[in-house]
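The values are calculated or read from the model by the stated rules, or taken from the named source; none is laboratory data. From a predicted model like this one, the values you see are computed outputs, not experimental measurements. We place every Cβ from the backbone using ideal geometry, glycine too, and count neighbours over all the protein chains shown. Side chains are part of the model used for accessible areas, which takes the heavy atoms of the whole protein and leaves out ligands, DNA and RNA. Shrake-Rupley method; radii C 1.70, N 1.55, O 1.52, S 1.80 Å.
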Amino acid sequence: MIRGLLPFVSRPSRYLGNEVNSFHKDSKRVRLKFALAFPDAYEVGMSHTGLQILYSILNSRDDTACERVFAPWIDMEAILRNRGMPLVSLESGLPLKNFDVIGFSLQYELSFTNVLNILELSSIPLLADERDEHDPIVLAGGPCAFNPEPMAEFFDAILIGEGEEAVLEIADTILQWKEARSDKGLLLKELSKVPGVYIPTFFKVRYNPDNTIAETRPLAREVGRVKKRVIRDLDTINHPTRPALPFMKVIHDRLTVEIARGCKRGCRFCQAGFIYRPYRERTLDHVEGIIHKGLAATGYEEISLLSLSAGDYSSIRQLLAEVMGRYAGERVAISLPSMRIETLTQQMMDQILRVRKTGFTLAPEAGTPRLRDVINKGVEEDGLFEATRHLAQRGWKSVKLYFMVGLPTEREEDLRAVVDLSGRLRFMRGRDRASIHVNTSVSTFIPKAHTPFQWEPQIPLADMLDGHTYLRSELREQGVRFKWQDPRMSLLEGVFARGDRRLSRVLIEAHRLGCRFDGWGEHFRFDLWERAFDSCGLSMEFYANRRRAFLEVLPWDHIDSGIEKPFLLREWEKSMKGETSSQCSGDSCEGCGICGRNGVRLQLKREVSSRPSICRGRRAISPMRIQVRVFKLGEARFLSHLEMITAFHRAARRAHLPLAYSQGFHPLPKIRFEGALPLGVESLAEVAEFELLEPIKAEIFMEKLNGELPEGLEVSSLENISPPQRMGYTKEARWCVLGFPHLNGFQEKIDAFLGRDHLIHAQMRKRGIEEIDLRSMVDKVRMRDTIPLPEMDTNLLPPSFRELLNWRGGIIEFTLREKDGRRPRAREVVSRVFGLTEEEVKGLRFIKLAET
């Protein structure tokens with residue numbers, strides 16, 4: 001249903017749903033339909049490892065079909081609303097309201113309005129108490145669930161903690177209820193028995209006259225504080241080894257492998273470091289097995305080792321050495337997205353740069369040692385300079401620094417120190433004696449629930465703006481690139497991070513006013529949020545800028561994160577004295593309270609004995625080039641040129657073809673296409689050239705590559721080229737267009753066009769507007785009853801295209817000719833010759849049949 005809308009939206013590959021490794025199940029054979037909903041754009045959601053994990057786990061059940069849905073981008077939403085169409089899942093196109101369960105991932109407070117937007121576009125009532133057993137069960141989980149109250153009224157149930165085991169128990173409970181056909185109240189009672197599941201309607205909140213919370217009271221004797229769900233041993237749960245592979249470039253476009261969960265460090269501002277305790281590691285063998293299978297199933301060219309502090313992983317040095325020893329020859333790079341400065345060694349840098357220099361972010365967080373002690377960061381300035389010097393000497397041209405403003409006890413000298421530290425690092429010199437580029441990124445501190453700073457106020461908006469303005473001005477004078485997050489967004493995040501249930505009214509009003517994608521600067525409307533708060537009689541400052549009393553009832557006090565409140569209070573007291581705390585280890589413990597609960601403890605998987613690495617790289621034996629004819633048909637037409645190249649690259653890697661790579665900072669496969677086909681256009685006549693390190697039989701090359709290419713992409717007509725030759729440039733292309741609602745009057749327009757001597761057309765190109773004579777470049781325009789295919793074996797065509805062979809009528813054929821190095825675009829020709837609007841042209845299907 002949604003496929004017909006793709007020609008009219010930007011980046012249509014967001015909505016295809018037929019990615020490599022995606023699941024497509026027969027709906028008649030499953031008993032439970034489960035939609036995973038990520039309330040942000042596709043490229044953000046598909047970068048989230050948790051989504052891939054739950055997608056894999058749920059689809060491992062024969063009785064369950066798990067499908068995905070993301071927040072539709074602005075243009076798609078507008079079309080859905082204008083046409084009265086519902087939001088549907090990617091895989092089957094099933095409307096969301098027809099699913100049994102919808103599970104939302106709450107990763108970011110500024111995505112909350114997108115949750116409401118997804119429900120509204122699906123014709124599902126927003127509030128849980130307005131839904132009955134005929135509506136889907138709406139669930140949520142993720143880090144924002146540790147203060148679920150601002151969103152509590154929208155969800156039937158919320159999972160607190162880790163979901164790998166709990167999601168299966170939830171699915172079982174809902175399936176049993178569904179087949180028993182009981183009322184919804186009974187289901188909620190059964191779900192509340194699943195450890196970690198919070199049922200908001202089972203709790204009632206009462207407020208004091210000063211608007212603070214008097215109590216959050218359970219409504220039944222058997223209901224108490226909700227304890228978070230924790231996985232005892234990461235090696236006992238499956239990590240996806242065949243993740244769905246996006247066509248488009250997503251935020252984290254690489255194979256992500258979680259090597260550890262939790263953090264040992266105890267930075268007092270970091271919510272993730274507390275809610276994901278205790279620290280647990282995967283064994284080296286388990287991690288390497290995931291990497292090996294994941295690369296084979298995806299063709300990714302980069303591995304990301306995921307952890308809150310990758311350098312703390314017990315076997316990190318051995319892991320890097322073995323992985324790079326095995327895959328560096330295949331041009332697989334490795335990145336460590338979260339590294340503490342003191343854990344970054346020269347040996348680790350040397351391993352990483354064996355393929356290419358992936359990015360490094362160093363996070364001092366604060367400019368002075370005093371303030372770093374307050375937040376328990378434990379970063380020494382000497383270590384920062386030493387790490388930067390070693391990076392520069394090994395060829396890194398830039399380094400990114402991350403700081404926060406508005407931290408508790410911050411003074412003016414702390415801000416000045418950010419400028420001084422960034423400026424001094426800029427004078428570090430690399431091997432070529434050039435100064436390293438320093439990119440300083442600054443955000444505003446946001447107090448979060450379940451941290452020692454949960455009682456602290458966030459600094460006022462005016463102070464945020466002053467701090468950012470000062471840093472922007474001073475850092476630019478130092479020649480440092482400065483990036484900052486809009487303080488108004490930080491204020492709003494702070495409001496919802498520690499808000500209560502009354503904020504649900506604000507969310508409904510803000511959504512009604514048009515707020516969505518609030519985490520995207522170009523769509524953030526602070527003025528609408530101000531109106532929403534005023535309309536509801538609530539104040540942002542009450543939630544963000546007010547210091548909480550230690551005895552005050554907090555909105556999240558009925559959520560048990562496993563971290564005891566007395567421990568958080570002790571940590572706050574130590575922070576005010578500038579005292580640090582030791583990291584979690586087998587030898588020391590600060591007594592947070594998490595270890596020992598339900599048998600969960602800190603887990604360190606010690607480094608195993610050294611093993612020989614296996615290098616799988618290839619050296620050129622007898623280089624050769626192969627030119628191929630490429631079909632791009634069916635839904636593959638919605639891939640951009642770069643997306644198509646990436647699809648070919650990763651398919652070739654999965655097929656273990658001996659690709660040759662360029663040299664330099666960022667090695668790229670030597671795959672070249674003759675021209676770039678416009679987005680949305682099909683072709684039987686593209687030409688690509690592959691450079692290989694060793695000879696391979698043409699039929700084997702084609703069989704291997706076609707076996708891995710996604711549907712709609714295929715190669716044929718192979719030609720070995722040895723020695724290498726230049727690819728020829730085509731002079732003429734034959735096209736056909738179908739999908740016209742009628743051809744009334746078209747023959748007269750064709751005759752009028754062909755009868756002209758000239759038809760000057762202005763077309764926009766990168767270098768500006770240029771005028772061309774369409775009549776001299778367009779010929780052989782005619783109406784057809786069937787698609788005029790070139791001579792070929794139609795069995796080579798993908799099934800989705802073979803259906804078009806039965807198309808009758810409404811087809812236009814024409815030839816485009818190059819003149820003076822220029823050629824008109826097929827869409828512009830049809831628009832000009834037949835007088836069609838841009839929207840009318842978008843609804844047509846363009847096919848390049850042949851080139852000469």
Original post:
Where in the range 198-283 are there strands (runs of 3 or more DSSP E), lying wholly inside it, with at least 1 residues that are small (G, A, S), at pLDDT 95 or above and crowded, with 23+ Cβ neighbours inside 10 Å?
Top reply: none
Subject >> Residue in the range 420-452 that is nearest to R268 (Cα to Cα), counting only those that are open to solvent by 10 Å² or more (accessible area, probe 1.4 Å) and outside any loop (DSSP other than H, G, I, E, B) >> reply: S443
Original post:
Which is under 22 Å from E342 (Cα atoms), in a strand (DSSP E or B) and modelled with pLDDT under 95, of L391, L384, L401?
Top reply: L401
Original post:
Can we say L175 is touching a strand residue (DSSP E or B) at 6+ places or on another chain (Cβ under 6 Å), modelled with pLDDT of 95 or more and not hydroxyl-bearing (S, T, Y)?
Top reply: yes
Original post:
Does L187 satisfy the criteria of being open to solvent by less than 20 Å² (accessible area, probe 1.4 Å), part of a helix (DSSP H, G or I) and more than 16 Å from R501 (Cα to Cα)?
Top reply: yes
**OP:** Would you mind finding the one in A220, A272 that is in contact (Cβ under 8 Å) with a residue 12 or more places away in the chain, among the aliphatic types (A, V, I, L, M), more than 30 Å from T298 (Cα to Cα) and out of contact with any strand residue (DSSP E or B) (no Cβ under 9 Å at 6 or more places or on another chain)?
**Re:** A220
Subject >> Criterion violated by L116 - all others in (1) open to solvent by less than 10 Å² (accessible area, probe 1.4 Å); (2) closer than 27 Å to V553 by Cα; (3) within 22 Å of the chain's Cα centre (by Cα) satisfied >> reply: (2)
Original post:
Looking at the range 377-417, which of the residues that are β-branched (V, I, T) and touching a residue at least 40 places away in the same chain (Cβ under 8 Å) is farthest from D466 (Cα to Cα)?
Top reply: T388
Subject >> Output for the range 131-156, where each listed residue is outside any loop (DSSP other than H, G, I, E, B) and closer than 17 Å to L32 by Cα >> reply: I137, V138, L139
Original post:
Among the residues of the range 70-103, how many are in contact with a His (Cβ under 8 Å, 6 or more places away or on another chain) and farther than 15 Å from V9 by Cα?
Top reply: 2
Original post:
What pairs come up if the first residue lies in the range 113-128 and is part of a helix (DSSP H, G or I), the second is open to solvent by 10 Å² or more (accessible area, probe 1.4 Å) and basic (K, R), and their beta carbons are under 7 Å apart, counting only those six or more places apart or on different chains?
Top reply: T113/R516; N114/R516; N117/R516
**OP:** Please indicate, with yes or no, whether at least one residue in the range 328-339 is free of Cβ contacts under 8 Å to residues at least 40 places away in the same chain and either of a type in the set (S, T, Y) or within 23 Å of A417 (Cβ to Cβ) (or both).
**Re:** yes
Original post:
How many residues are in a helix (DSSP H, G or I) and open to solvent by less than 40 Å² (accessible area, probe 1.4 Å) when one looks only at the range 743-771?
Top reply: 3
**OP:** Restrict the check to the range 541-549 and report whether at least one residue is surrounded by fewer than 17 Cβ atoms within 10 Å (Cβ to Cβ), in a helix (DSSP H, G or I) and in contact (Cβ under 8 Å) with a residue 40 or more places away in the chain.
**Re:** yes
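Yes or no, residue by residue, for (1) closer than 19 Å to N147 by Cα; (2) under 33 Å from the mean Cα position of the chain (by Cα):
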site: N545; (1), (2): yes, yes
site: E552; (1), (2): yes, no
site: K574; (1), (2): no, no
site: E579; (1), (2): no, no
site: S582; (1), (2): no, no
site: S585; (1), (2): no, yes
site: G593; (1), (2): no, no
Original post:
Which residues, taken from the range 120-155, are charged (D, E, K, R) and crowded, with 24+ Cβ neighbours inside 10 Å?
Top reply: E149
Original post:
Out of (1) within 32 Å of the chain's Cα centre (by Cα); (2) of a type outside the set (G, A, S); (3) assigned to a helix (DSSP H, G or I), what's the single condition that is false for E456?
Top reply: (3)
Original post:
Of all the residues that make up the range 492-540, how many are open to solvent by less than 10 Å² (accessible area, probe 1.4 Å), in a loop (DSSP other than H, G, I, E, B) and over 19 Å from N147 (Cβ atoms)?
Top reply: 2
Original post:
From the list L804, L849, which one is outside any helix (DSSP H, G or I), closer than 29 Å to N706 by Cα, in contact (Cβ under 8 Å) with a residue 24 or more places away in the chain and out of contact with any helix residue (DSSP H, G or I) (no Cβ under 8 Å at 6 or more places or on another chain)?
Top reply: L849
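Residue by residue, here is whether (1) surrounded by fewer than 17 Cβ atoms within 10 Å (Cβ to Cβ); (2) out of contact with any Leu (no Cβ under 8 Å at 6 or more places or on another chain); (3) closer than 22 Å to P12 by Cα holds:
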residue: T794; (1), (2), (3): yes, no, no
residue: R802; (1), (2), (3): yes, yes, no
residue: R808; (1), (2), (3): yes, yes, no
residue: L816; (1), (2), (3): no, yes, no
residue: P824; (1), (2), (3): no, no, no
residue: V833; (1), (2), (3): no, no, no
residue: K842; (1), (2), (3): yes, yes, yes
residue: A850; (1), (2), (3): no, no, no
**OP:** Please specify each residue of the range 339-378 satisfying the condition of being crowded, with 20+ Cβ neighbours inside 10 Å and assigned to a loop (DSSP other than H, G, I, E, B).
**Re:** M339, R340, L344, V355, F360, A366, G367, T368, I375, N376, K377
Original post:
Of these, H649, H666, which one is modelled with pLDDT of 95 or more and within 16 Å of E330 (Cβ to Cβ)?
Top reply: H649
**OP:** For the range 55-74, name all the residues that are of a type in the set (G, A, S) and either modelled with pLDDT under 95 or crowded, with 20+ Cβ neighbours inside 10 Å (or both).
**Re:** S56, A65, A71
Original post:
Is it fair to say P790 is open to solvent by less than 30 Å² (accessible area, probe 1.4 Å) and either assigned to a loop (DSSP other than H, G, I, E, B) or touching a strand residue (DSSP E or B) at 6+ places or on another chain (Cβ under 7 Å) (or both)?
Top reply: no
Subject >> Conditions (1) farther than 23 Å from K632 by Cβ; (2) within 41 Å of the chain's Cα centre (by Cα); (3) among the hydroxyl-bearing types (S, T, Y); number of the one not met by S776 >> reply: (2)
Original post:
Are any residues in the range 81-94 buried (at least 18 other Cβ atoms within 10 Å of the Cβ) and free of Cβ contacts under 8 Å to residues at least 60 places away in the same chain, and if so, which ones?
Top reply: L87
**OP:** Being touching a Lys or Arg at 6+ places or on another chain (Cβ under 7 Å), assigned to a helix (DSSP H, G or I) and more than 29 Å from T646 (Cβ to Cβ) is the filter here, so list the residues in the range 285-309 that pass it.
**Re:** none
Original post:
For T469, all conditions in the list (1) open to solvent by less than 10 Å² (accessible area, probe 1.4 Å); (2) in a helix (DSSP H, G or I) hold save one; what is the number of the exception?
Top reply: (1)
